[in-house]
Every structure is written in structure tokens, then in C-alpha cells.
Amino acid sequence: MRLKALIVATVMAAVAGNAYAADIIRFGTEGAYPPFNQIDASGKLTGFDVDIANALCVQLKAECTIVTQDWDGIIPALNGKKFDALVASMSITPERQQAVDFTDPYYTNKLQFVAAKGSDFSPVKLKGLVLGAQRATIAGTWLEEHVKDAEIKLYDTQDNAYLDLSSGRLDAILADKFVNWDWLKSDGGKDFEFKGEPVFDNDKVAIAVRKGDDALRQKLNGALKAIVANGTYKKINDKYFPFNIYQ
Amino acid sequence: MDLHGFGPQLALGTLMTLELAFASLGVGLVLGLLGAMAKASPHASLRWLGDGYTTLVRGVPELLVVLIVYFGSSAALGMVTGWVGMETHVELDPFAAGTLALGLTFGAYATEVFRGALATVPKGHIEAAHALGLGPWHTFSRIVLPQLWRVALPGLGNLFMVLLKDTALVSVVGLDELMRKSQIAVGFSKQPFTFYAVAAGIYLLLTVITGGGLMMLERRANRGFARARS
Amino acid sequence: MSLDLDVAVTYLPKLLDGARLTVQLVVFSGLIGLILAVPLGIARSSERLWVKGGPWAYIFFFRGTPLMVQLFLVYYGLSQFPAVRHSALWPFLRDPYWCALLTMALHTAAYIAEILRGAIQAVPRGEVEAGVALGMKHGVILRRIVLPRAVRIALPAYSNEVILMLKGSALASTITLLELTGMARTIIAKTYMPVEIFLAAGAFYLAISYVIVRLFKLLEWHLARHLRHRG
């Protein structure tokens, strides 16, 4: 009995040791996008993306580090090999696919406007309004492509955009529905609400890796399937949202 | 004042700001000395190099230098290692990139300070050193540098104060220094004025302490000169 | 990896738009800063404590903190207070352009005031005494002798300060303004080609600072014309 335990322990240590030597995955994220990735008062990185990254690492028995990076430069930083995989709620877009490769989606988002409660804002009459979004996001791109007669302001972080919505500098913000949802239930968002139907509802969010890094991409895909199948994904989902965001 | 528990984070940020400032100072002093020597060189190509360095770096925003060094360094180093046939990836983290960028900026301005100071070292002193049989290194370290230091100190001190404030720019590439820690705290607390005012107060404090330190250094460097002057 | 200059060429018109805003910010903040700095610099050179105390504190704050902090305090910080958002100033303060201009002008005024103070103190005593001997009043001496002389002494330092503000204006990109750096960052968000676009933006800055330096040289030459006639 004792011998058996010893053997099991040795084998496991050897396996773990191998994994340790072979697999170090360096993740990058933004750290300013609650509830998906954010830094708390103790300086710790938390959020849905971070939990997913950690769950993938447990599944792969890999050693993982996760660092933060300004959103603007997050793809250049990946391609500059500052980290190996981006788990930062990044939507799959054709433009980004020219620069990076994506794993299978790990959740599906929608783009929806938020504006002050009681305002007569409507997504179909935007003329003359001041609209905000984060720079280099699909929300920012959507505004630039679809809105011609309103002023568009692009922010370094989503937090700064919300500050300006609260202060009245913006008439509305276009952002990921789940991020807006989280903000609306916070203290800062209590005077605001969703407006209209989502303007885009098939926003597939995935982990990005460098172009051609198929080994890592396939490994992450496998692990993603596994954590969805074994219930780990649902546990993380329910920690943040009372509804299913995987779809 | 309610810091929402972010006090220790701000303290850590301040520490990082100081580390960055002193690391950049080290890089900048070396670059400044090299720049001044290049500009005083008898070789036209070295003088050209020195001029190019100061003109380029001093004409471009510090923020842009930070961004270029951070995003460009991997690409540029990749190109170089590619030429020599190596497939390595060299990367600069935000701290290294910030140190290099701020050091480059400091060095460009320090070049002018050192050049001015170099001109005040009497030629006779250098000739005397040669006559005594001192080699070029000893002439520089024993005769030139101590005099250079005294004359250059006030100018360098001013540049260090500028550098201290420029560290805030490195927050843009994600270094967790004081400015970025403040931004994170604002994101949490939604109280921008409170946290940016606290950050301003900390920067002021650093400026005051640095100013005091510089005065002490100047007094020390001027030992033996004060009496002769009055 | 090689440089793709076509990208920079494609986005040249956009960068030009950004450069126009950059120049606007620098020119206006430089002028407003100068106007603010004259009374500040004069008061700062006073020997009375109650006159120089206020300007001293002002200059201490603006020279002792990063421009980025000042910008965030004005743009994001002030809007924390409902009183500001409901005040008559809000139409100005809600606009990032005015916030950037205001902050840059206040910031540069502190530096220009110090330059002016140094210049005022560098005016030879004999010239002031000559004015007194001619029976000129204090204000007249300041206006006819001290300030014109101080302006010529301060001009090279002022031109340096304008270059510093040109470089400082890049920070306006952090409060959503699409000046040269902001435009470059927005283009990079689309193209993912940071090196090419940032280098192109850098070339624009070098060109602008070259023009500024030439203009000031011309002005110096113009202001010194009476000295040339004599010699």
C-alpha cells in the first residue's frame, strides 16, 4: 500500500516535472476590463479571462504566468514575443486574423449601447451625438464604420470611457454587452441603462496566439474543450454571470 | 482621505517610479558622456553621430520615444539577429524599455551639459597630467571627471527632475509605476480627482526631496571652491 | 520583419490632420502661457513676500508634477465633482481640446514665468538706474526698459520651452484628442504596424520643431536689428 502510494507519487512527480520543464505558457491580458480582467486593491489580477487562463493551465498541467499590457499595444506585444497567448476578451475579426491566429471561441459577446436612464437615445438616430468606445476594439471599429454624422471619441481604457459617460461628456457608449452589464450593476452605472437591441450579436471571443503557432493553438483548443466538458467552464461562468455566455 | 485600500499599491508604484528614475539616470549619464566625447571628437563621423543622436531624440516627444522603444525594440533586435542568422527573440519588458527610452532622452540633453562642462576644464590640467605620465583613462578619471562633475552637476540635477516626471509616461506601456497604479485605483473607485491629486502630491514630495539632495551634492562638489569665490 | 513604408504613405493625410491639431495646440498654449507668465514672472521677481508667495506656489506645483498628472486632474479629475459639471465652465471643461489647451497653457506659464524672472534679474542695474535718473516712474521703467530688455534675453529660453510644449502635446492623445500621436496610435490600432507609423509621426515632429527653431532665429535676428545698425 505504502509502496504503491510511493510509486504513484513518483510517477506523478515525473509527469509534473516534465510538464514543468516543457510547458511554460506566458499569457497577456489588459487588466482594465472588468469583469473579464482587472487588478484589485491588492494588485492581484482577477476576472473571467484570468480564471479561464488558469483553468486551461491546470488542464494542460503547464506553468503559467500572466502579465498585463496596455490594450493599444496588446497585439504588437504578442507579436513582439512579450508573451505567447492573449486572453483578453479579444473578438475575432478579419483584420486581427491578418496579424494573429485565434483559438476556438471561449465566449460569445454582443455589442450594445448604454446611455442615461430616461434619455431618448436610440441606436437608429445618432446624428449630432457624442459617442464613446475603447480604441482598437470592435465597438470602436463599428462606430467608425457605421456612424458618419456623430462625433466618436476613442479611449485608452474602457474605464476612462465610463468616467466620461458618467460626467456627461458622452451621450452613449458602445461596448461589449457583458462588460456594460457589469458596469450597469455597479455604483457608477446606476443612472444608466441598455438602449435598443444589440447592434452586433455574433461577436466571437477567443485566445490569440502568434501567426503559425499551431502547437500552442491546438493545445489550448484541446484544453478548452476539456474544461467545457468537465464543468470547470460553467463554474467560472456562474461566478460572474447569472446566464450562459459560451453559446 | 479614503484611498479605498489602494495606499500600499501607491507606495509600491512610487518605489517603481524611483527604481525607473535611477536606472534611467545611470543609462543616461553614460550616454551623455559618450555623446559629449563624440561631439568633441576629432573624427567627423563620430561628431556626426553625436549630432544626429541629440537632434533626433530632442526633437521627438518623450512619449513617442517610449512607444517606439517599446514596440520597435523587438522588431529592430529581431532584424539584427536575423541578419547574423540567429533565430532568437530578444524582448524588452516595460521596465527595460522605459529605462532605455528615458535614458536615451536624458543622455541627449546631458550630452550638451557635459559638452559645456568639458570646455571649462583647462587644457593646462590635461597637459600637466600627460607630463606626469598619466594614461588617458587616469587623466580622465582623476583630472577631468572631478572638475566636469562639479560644473555639470546643476545642469544634470535639472535634467534629473525632468526625468523624474517623465517616468509617468512609461505607464502607457503598462509599467506599474505611480501613474499606472493611480489609474488602476481610479478604475476601481471612480474617484479620479482624489487619486490624481494624491499622485501629484507624491511627485511634489519626490521633487522636493530630490532638490534637497541635489543641494547637498552641489555643496559637496564645491568643497574647496566656496572660499576662493567669496 | 521589414519596414513597410506604403502603410505610412497611405495614412499620410491622416497624420497631416493630426499634425495640424498638434501645431494648433502648441501655438495657442504657447501664446496663452506667455500672457499668463508676464504678471506671474513680474510678481515672482518682487521682493515682497505676499506678492511673490502666490506665484511661487503656482510655479512650484506646475513644475513639480508631471504634465500627464495635471492633464488627468483637469480632464478626469474635475468632472468628479457635480458642482463642476453644473457650472458655467462645463461647456469648456467637457471638451478635451479646451482641457488640453488649458492644462498646457497653465503648465508652460509656470516655466515661462521662471524664464522671465531670470531675464528680469539679468537686466543690468545701470539701465534701471538711468531710468530713475531720467525721472521715469516705476511702471514706465518696467514697460520701457526692463521688459523689452528681458524679452530679448529670454527669447532663446522661450523658444526651447515652445519645443518642450510641442513634445508635451503628445500627451493630449491620452485624453482622446487625435493630434499627431493620438492619430498614430489610432492608425496602429487598425494596421498593427507600430514601427512604421510611429517613425512617420516622429519625422513630423522633427519637421515641426525645425520650423519652430527657424522662426525663432528669424525673430531674434529681427529684434536685434538696432544693435546691428550701430555696429
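Just so it is clear, none of the values below were taken in a lab; they were calculated from the coordinates. None of these values were measured; they are calculated from a predicted model. Here Cβ is always computed from backbone atoms with ideal geometry, including for glycine, and neighbour counts include all displayed protein chains.
Brief remarks follow.
- Prolate/oblate/rounded label for the stretch B:147-206 (Cα gyration tensor, a/c 1.5): prolate
- Put in order of Cβ neighbour count within 10 Å, fewest first, the listed residues A:181, C:56 become C:56, A:181.
- Among A:154, A:216, C:116, a tally of other beta-carbon atoms within 10 Å of each Cβ gives an order, fewest to most, of A:216, A:154, C:116.
- Residue C:180 sits among other residues whose Cβ lies under 13 Å from its own Cβ, and their net charge, with Lys and Arg +1 and Asp and Glu -1, is +2.
- Averaged over the residues of peptide A:81-94, the number of Cβ atoms from other protein chains lying within 10 Å of each residue's Cβ is 1.
- Exercise: per-residue mean of other protein chain Cβ atoms within 10 Å, C:181-193: 5
- Each Lys or Arg adds one and each Asp or Glu takes one away; over the other residues whose Cβ falls under 10 Å from the Cβ of residue C:192, this sums to +1.
- For B:6, B:193, the sequence from fewest to most other C-beta atoms within 10 Å is B:193, B:6.
- Spatial separation of Cα centroids for the stretch C:174-225 and the stretch A:118-161, in angstrom: 27
- Computed from Cα atoms, the angle from the helix B:192-221 axis to the main principal axis of chain B rounds to 20 degrees.
- Unsatisfied cross-links (Cα-Cα over 30 Å) in the set A:44/A:195; A:190/C:167; A:61/A:239; A:110/A:239; A:153/A:225; A:148/A:234: A:44/A:195; A:190/C:167; A:153/A:225; A:148/A:234
- Cβ charges +1 (Lys, Arg) and -1 (Asp, Glu), total dipole of the stretch A:110-202, debye: 140
- Annotation for the stretch A:33-76 versus the stretch C:49-108: alpha-carbon center distance of 36 Å.
- Cα gyration tensor shape for chain C, rounded if a/c is under 1.5, else prolate or oblate: oblate
- Neighbour net charge for residue B:14 - beta-carbon separation under 12 angstrom, K R +1, D E -1: -1
- Shielding value for B:204-211 is 2, the average number of Cβ atoms from other chains within 10 Å of each residue's Cβ.
- Shape class for chain B, computed from the alpha carbon gyration tensor (a ≥ b ≥ c): oblate, with a/c not under 1.5 and a/b at or below b/c.
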